[in-house]
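J.: My questions all concern the structure below.
The values are calculated or read from the model by the stated rules, or taken from the named source; none is laboratory data. Just so it is clear, the model here is predicted, and its values are computed rather than measured. No Cβ is skipped: glycine too gets one built from the backbone with ideal geometry, and neighbour counts run over all protein chains shown. Keep in mind that these areas ignore ligands, DNA and RNA; they rest on the heavy atoms of the full protein, side chains included. Shrake-Rupley method; radii C 1.70, N 1.55, O 1.52, S 1.80 Å.
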Amino acid sequence: MTSTDAPAAIAPAPPVLAEVVRSGFTEGHHRGSLVLLAADGSVERTLGDPDAPVFPRSSNKPMQAAAILRAGLELSGERLALAAASHSGEPFHLELVAKMLAEHGLSAADLRTPPDLPLDPVAGEAYLAAGNVRERITMNCSGKHAAMLAVCVRNGWDTASYLDPAHPLQLLVGQVVAEAAGEPVAAVGTDGCGAPLMAIGLTGLARAFRSFVLAEPGSAERRVADAMRAHPEYVAGTRRPDTWLMTEVPGTLSKMGAEAVQAVALADGRALAFKIDDGSVRALGPVLARALELLGVDAPVVSRIGRAPLLGGAVEVGEIRATF
C-alpha cells in the first residue's frame with residue numbers, strides 16, 4: 001500500500017443484543033441484527049443490518065416444506081409439521097419419520113442426513129442408556145429429508161442426488177425461498193444436514209414468515225403454517241421454545257435455526273427475525289422474549305422463553321438478558 005492509498009473501511013460491529021451478567025458483573029456480550037415488522041408489513045424497528053444476507057439455517061424449513069407440497073407430495077397434519085421440523089429425537093418423532101419413509105418404499109438407509117444423537121438432552125440420555133448409537137434417522141432434520149425423498153419417489157426423480165443444488169427439488173426450494181422473502185437468494189451453501197441452504201436477509205426472512213401466516217387457505221404456504229401451528233410438538237419437541245410459543249400464543253408461527261437464528265410471525269402479520277452474530281443459542285431466548293414484548297405479545301410464555309439463568313456452584317448467580 002502506498003502513502004496515498006486510503007485504508008479499507010471497517011464495517012461497524014453489530015449492536016449488543018444481550019449481555020451476560022454473573023454476580024453483578026457483566027462478563028460478556030452477544031451482538032447481532034434484528035428486524036420487527038408491523039402488521040401491515042412495514043418495518044417497525046431494526047437493530048444492526050437486517051438486510052445483509054445470512055444463512056437462516058433451519059428457519060428456512062417452512063419454505064422447504066412448501067416446495068415439497070408444490071412438487072406434488074400429499075402431506076398434512078403431523079407429517080407436514082415434521083417435514084418442517086428440527087425435531088428433538090423423541091420416540092414419537094422417530095416413529096413417524098420411519099412411517100413416512102416406509103409409506104413410500106424407503107428406509108432410513110436412504111437418508112443422507114449425518115448420523116447423530118437426539119437433539120433433546122433428555123431424549124439423548126435415554127437413547128444412549130438404551131444402548132443405541134448415532135443414526136441417520138435420529139438427526140433432527142430427518143423428517144425434512146424423509147419428505148424430500150418421498151416427493152422424489154412420487155415424481156420419479158433421482159433419490160440418490162436429492163441434496164444436489166441442481167436437483168429439481170432443490171431448484172424449486174430456491175424459487176419458493178426467493179418468492180416468500182421478496183428478494184433473490186444471495187448465496188447457496190450446505191446446511192449441517194447436507195441440504196442446500198439459501199441465504200437471504202433477516203427482513204426477507206421475517207417477510208417470508210409473515211407471508212405464510214397470511215397466505216390463502218389451501219395454498220402450500222398456508223398448509224405448512226397451519227400444520228406447524230396445529231402440531232408444534234412435531235416441529236420441535238416437548239421441551240422447546242418454538243413448541244411453547246406456538247402452543248400458548250394462538251396463530252403464531254415460530255422456527256429457530258442453528259447459529260442462533262429465529263423467525264416468528266403472529267396471526268395478524270406482525271413478524272420478527274434476528275440472528276446472534278456469534279451463533280450462541282444461549283442468548284436466543286432472552287432476545288426472542290424482548291422482541292416479542294416489543295411486538296406487543298403479552299403472555300406468560302414470553303417470560304418463560306426469556307429466562308436464561310447463570311449458575312455458580314449449582315446456584316443461580318446471574319443471567320443472560322436482552323439489552324434493547
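J.: Sort through 258, 265, 289, 236 and tell me the only one that's of a type in the set (A, V, I, L, M, F, W, C), touching a Phe, Trp or Tyr at 6+ places or on another chain (Cβ under 7 Å) and touching a residue at least 12 places away in the same chain (Cβ under 8 Å). Write out each step before concluding.
T.: Details: 258 fails: touching a Phe, Trp or Tyr at 6+ places or on another chain (Cβ under 7 Å); 289 fails: touching a Phe, Trp or Tyr at 6+ places or on another chain (Cβ under 7 Å); 236 fails: touching a Phe, Trp or Tyr at 6+ places or on another chain (Cβ under 7 Å).
Selected residue: 265, the only one of 258, 265, 289, 236 that is of a type in the set (A, V, I, L, M, F, W, C), touching a Phe, Trp or Tyr at 6+ places or on another chain (Cβ under 7 Å) and touching a residue at least 12 places away in the same chain (Cβ under 8 Å).
J.: For segment 119-170, how many residues meet the condition of being open to solvent by 70 Å² or more (accessible area, probe 1.4 Å) and β-branched (Val, Ile, Thr)?
T.: So the count comes out to 2.
J.: A follow-up question, please. Pairs only if they're at least six apart or on different chains, beta carbon under 6 angstrom, first in segment 99-110 and open to solvent by 50 Å² or more (accessible area, probe 1.4 Å), second of a type in the set (Gly, Ala, Ser); list them, first residue then second.
T.: Going by the 6 Å Cβ cut-off, the qualifying pairs are 104/150.
J.: So which residues in segment 238-262 are open to solvent by less than 30 Å² (accessible area, probe 1.4 Å) and either in contact with a strand residue (DSSP E or B) (Cβ under 8 Å, 6 or more places away or on another chain) or part of a strand (DSSP E or B) (or both)? Give the steps one after another, and end with the answer.
T.: Residues of segment 238-262 that are open to solvent by less than 30 Å² (accessible area, probe 1.4 Å), as a first pass: 242-243, 245-246, 249, 251-255, 257, 260-262.
Answer for segment 238-262, where residues must be open to solvent by less than 30 Å² (accessible area, probe 1.4 Å) and either in contact with a strand residue (DSSP E or B) (Cβ under 8 Å, 6 or more places away or on another chain) or part of a strand (DSSP E or B) (or both): 242, 245, 246, 252, 253, 254, 255, 257, 260, 261, 262.
J.: While we're on this one: Take segment 295-305 and flag every residue that is surrounded by 15 or more Cβ atoms within 10 Å (Cβ to Cβ) and either free of Cβ contacts under 8 Å to residues at least 40 places away in the same chain or touching a Lys or Arg at 6+ places or on another chain (Cβ under 8 Å) (or both).
T.: Within segment 295-305, 295, 302 meet the criteria.
J.: Which of the numbered conditions does residue 267 fail, given that it passes all the others? Conditions: (1) out of contact with any strand residue (DSSP E or B) (no Cβ under 8 Å at 6 or more places or on another chain); (2) within 27 Å of residue 120 (Cβ to Cβ).
T.: The number of the failed condition is (2).
J.: Let me ask you something else. Quick check on residue 303: is it farther than 30 Å from residue 70 by Cα, over 18 Å from the mean Cα position of the chain (by Cα) and hydroxyl-bearing (Ser, Thr, Tyr)? Break it down stepwise before answering.
T.: Numbers: farther than 30 Å from residue 70 by Cα: yes; over 18 Å from the mean Cα position of the chain (by Cα): yes; hydroxyl-bearing (Ser, Thr, Tyr): yes.
In short, yes.
J.: Condition (residue is farther than 15 Å from residue 62 by Cβ, in a helix (DSSP H, G or I) and touching a Leu at 6+ places or on another chain (Cβ under 8 Å)) applied to segment 177-199: is it met by at least one residue?
T.: No, segment 177-199 has no match at all.
J.: In segment 306-318, which residues are over 22 Å from the mean Cα position of the chain (by Cα) and open to solvent by 80 Å² or more (accessible area, probe 1.4 Å)? Full working, then the answer.
T.: Taking segment 306-318 first, the residues over 22 Å from the mean Cα position of the chain (by Cα) are 309-318.
Passing the criteria: 311, 314, 315, 316.
J.: Exactly one of these conditions fails for residue 192: (1) under 13 Å from the mean Cα position of the chain (by Cα); (2) of a type outside the set (A, V, I, L, M); (3) crowded, with 23+ Cβ neighbours inside 10 Å. Give me its number.
T.: All conditions pass for residue 192, except number (3).
J.: Okay, next question. Of all the strands (runs of 3 or more DSSP E) wholly in segment 1-86, which have at least 1 residues that are under 30 Å from residue 154 (Cα atoms) and open to solvent by 40 Å² or more (accessible area, probe 1.4 Å)? It would help to see each step written out before you state the result.
T.: Values: elements: 16-22, 25-37, 43-47.
It comes to none.
J.: Within segment 277-290, does at least one residue satisfy the condition of being of a type outside the set (A, V, I, L, M, F, W, C), under 29 Å from residue 216 (Cα atoms), open to solvent by 10 Å² or more (accessible area, probe 1.4 Å) and in contact with an Asp or Glu (Cβ under 9 Å, 6 or more places away or on another chain)?
T.: Scanning segment 277-290 turns up no residue that is of a type outside the set (A, V, I, L, M, F, W, C), under 29 Å from residue 216 (Cα atoms), open to solvent by 10 Å² or more (accessible area, probe 1.4 Å) and in contact with an Asp or Glu (Cβ under 9 Å, 6 or more places away or on another chain).
J.: Moving to a separate point now. Among 183, 221, 179, which is charged (D, E, K, R), touching a Phe, Trp or Tyr at 6+ places or on another chain (Cβ under 6 Å) and farther than 13 Å from residue 267 by Cα? First the steps, then the outcome.
T.: Working: 183 fails: touching a Phe, Trp or Tyr at 6+ places or on another chain (Cβ under 6 Å); 179 fails: touching a Phe, Trp or Tyr at 6+ places or on another chain (Cβ under 6 Å).
Exactly one residue qualifies, and that residue is 221.
J.: Could you please find all residues in segment 87-112 being within 20 Å of residue 71 (Cβ to Cβ) and assigned to a loop (DSSP other than H, G, I, E, B)?
T.: Those that are within 20 Å of residue 71 (Cβ to Cβ) and assigned to a loop (DSSP other than H, G, I, E, B): 103, 104, 105, 106, 111, 112.
J.: Sticking with this structure for a sec: What's the total number of residues in segment 115-174 that are part of a helix (DSSP H, G or I) and farther than 12 Å from residue 88 by Cβ?
T.: Counting residues in segment 115-174 that are part of a helix (DSSP H, G or I) and farther than 12 Å from residue 88 by Cβ gives 22.
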